[in-house]
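Encoded as structure tokens, the structure appears first; notes follow it.
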Amino acid sequence: GKRSKKPLVKVNCAALPDNLLESEMFGYVKGAFTGAEKDKPGRFQEADGGTIFLDEIGDLPLSLQAKLLRVLQEKEITRTGGNTTIQVNTRIVAATNQDLKEKVREKGFREDLYYRLNVVKILVPPLRDRREDIPLLATHFLRLYSEENQREIEGFSSHVMDALSDYHWPGNVRELRQAVEVALVRAGGNLVRPEHLPITEKVPAMSGT
């Protein structure tokens, strides 16, 4: 599409305190608060013409949900401490691990924002329901951490993939990624073996090479 070579800006809505999230997303003007020594554009301006990815949008406070709805409807933002509106043309991609319909019923998420965001919906099943993805993801993470740690790890021993595929992964892909990183650190040779996996500590009967 036309935005494919434009900026992709990521915001983790759960990682920033509420009082910083607004200025991070919309920017601020000089003097808006202590330490604001100059104007600063927000993530929406940085993503102008491209895409902004709002991760964990279910954690977005209600006060900011109303402002985000305005951005979607009016295609404009106002920096914290400022009065001037700034036009932005940004595609929004949002993700959450929460049930937003339930949050709407509990008055924790605006219904109008939910339906405004819910244009193209992609459901990603938990990792335990798509076990065919586990070998591909595990191999990718092993290659990634091998390069980062300058380790020459050939791969997984014959029983490791069985262990990975049989585990229920309550923490989904993040837990798999962390398990592979821990295994690489523990591995003394050029193969990852079952005893290197942190998940085997939760499944004592597991053994093999």
- Message: Rounded to the nearest percent, how much of the accessible area of segment 1-99 (1.4 Å probe, protein heavy atoms only) is carbon and sulfur?
- Response: 47 percent
- Message: Can you work out the Karplus-derived ³J(HN,Hα) for every residue in segment 102-109? Use 6.51 cos²θ - 1.76 cosθ + 1.60 with θ = phi - 60°, whole Hz, and x for glycine or proline.
- Response: 5, 5, 4, 5, 8, 6, x, 8
- Message: Just to confirm the number: angle between the C-alpha axis of helix 62-74 and the first principal axis of the chain, 0 to 90 degrees, nearest 10?
- Response: 70 degrees
- Rounded to one decimal in Å, the inverse mean reciprocal Cα-Cα distance for segment 8-162, i.e. its Kirkwood radius, is 18.2 Å
- segment 90-196: Rg/Rh from Cα coordinates, Kirkwood Rh? 1.14
- Residues of segment 93-191: accessible area per residue with a 1.4 Å probe, Å²: 65 Å²
- Message: Using only Cα atoms and rounding to the nearest 10 degrees, what angle (0 to 90) does helix 172-186 make with the longest principal axis of the chain?
- Response: 50 degrees
- Classify segment 11-88 as rounded, prolate or oblate from the Cα gyration tensor: take a ≥ b ≥ c as the square roots of its eigenvalues, call it rounded if a/c is under 1.5, otherwise prolate when a/b beats b/c and oblate if not. oblate
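The values are calculated or read from the model by the stated rules, or taken from the named source; none is laboratory data. None of the values given here were measured: they were computed from a predicted structure. The accessibility values were calculated without ligands, DNA or RNA, using every heavy atom of the protein model including side chains. Shrake-Rupley method; radii C 1.70, N 1.55, O 1.52, S 1.80 Å.
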